[in-house]
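**Q** Supplied in structure tokens, the structure appears directly below.
The values are calculated or read from the model by the stated rules, or taken from the named source; none is laboratory data. Computed from a prediction, not measured in an experiment: that's the story for all the values here. Quick reminder, even Gly has a Cβ in these numbers, built from the backbone with ideal geometry, and neighbours come from all protein chains shown.
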């Protein structure tokens, strides 16, 4: 009986995120760049709310052992500043993200290329794959606008799939409970 109550609570708690995932995914697929901007702004507001919430939690907490006012203020202030930057500079963050991804691809490719000399049997294949990673990284860094649109579409598709999968899983769990 206790398990049924827990599963029912799980079902209630998963429906809203699943539907939200589907709606956000659809928005990203169709709005692309503006949807990605919105996603960064939402993250910014969540950082701000988290920072304010952390500070309020500290101020109204009865048991403050292990916390110092400097630590609490620093964490809260950092979260608020990061949130404000994400909200205010959302477009710049969106433009910087593909450059960061491209740099990660280039560095990974270079690392794999240097490691390829240790693999005797697969040296040529690993070297070619490493060079392909480097080329992809350079392309991503030189064409960040196209990457943002592609990334928004991919994220949107995965969010829709995730939401549909969650709803399907909830339906199956509910079906099992009703047996």
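**Q** Report, by residue number, each residue of the stretch 47-59 that is under 17 Å from the mean Cα position of the chain (by Cα) and either farther than 12 Å from residue 85 by Cα or in contact (Cβ under 8 Å) with a residue 60 or more places away in the chain (or both).
**A** 50
**Q** For the condition part of a helix (DSSP H, G or I), surrounded by 15 or more Cβ atoms within 10 Å (Cβ to Cβ) and under 18 Å from the mean Cα position of the chain (by Cα), what is the one hit in 87, 138, 106?
**A** Details: 138 fails: under 18 Å from the mean Cα position of the chain (by Cα); 106 fails: under 18 Å from the mean Cα position of the chain (by Cα).
So the residue among 87, 138, 106 that is part of a helix (DSSP H, G or I), surrounded by 15 or more Cβ atoms within 10 Å (Cβ to Cβ) and under 18 Å from the mean Cα position of the chain (by Cα) is 87.
**Q** Step by step: first the residues of the stretch 30-45, then only those that are over 16 Å from the mean Cα position of the chain (by Cα) and farther than 25 Å from residue 81 by Cβ, then the one that is surrounded by the fewest Cβ atoms within 10 Å (Cβ to Cβ). Which residue is that?
**A** First, the residues of the stretch 30-45 that are over 16 Å from the mean Cα position of the chain (by Cα): 30-31, 34.
Then keep just the ones that are farther than 25 Å from residue 81 by Cβ; that gives 30-31.
Details: 30: 12, 31: 15.
Taking the candidates together, the pick is 30.
**Q** Can I ask one more? When you scan the stretch 35-53, do you find a residue that is more than 30 Å from residue 152 (Cβ to Cβ), at pLDDT 80 or above and either in contact with a helix residue (DSSP H, G or I) (Cβ under 8 Å, 6 or more places away or on another chain) or assigned to a helix (DSSP H, G or I) (or both), even just one? I'd like the intermediate steps shown before the answer.
**A** We begin by selecting, within the stretch 35-53, every residue more than 30 Å from residue 152 (Cβ to Cβ); these are none.
No, because not a single residue in the stretch 35-53 is more than 30 Å from residue 152 (Cβ to Cβ), at pLDDT 80 or above and either in contact with a helix residue (DSSP H, G or I) (Cβ under 8 Å, 6 or more places away or on another chain) or assigned to a helix (DSSP H, G or I) (or both).
**Q** Another question, then. Of all residues in the stretch 141-179, which are surrounded by 13 or more Cβ atoms within 10 Å (Cβ to Cβ) and over 30 Å from residue 18 (Cβ atoms)?
**A** Passing the criteria: 141, 143, 144.
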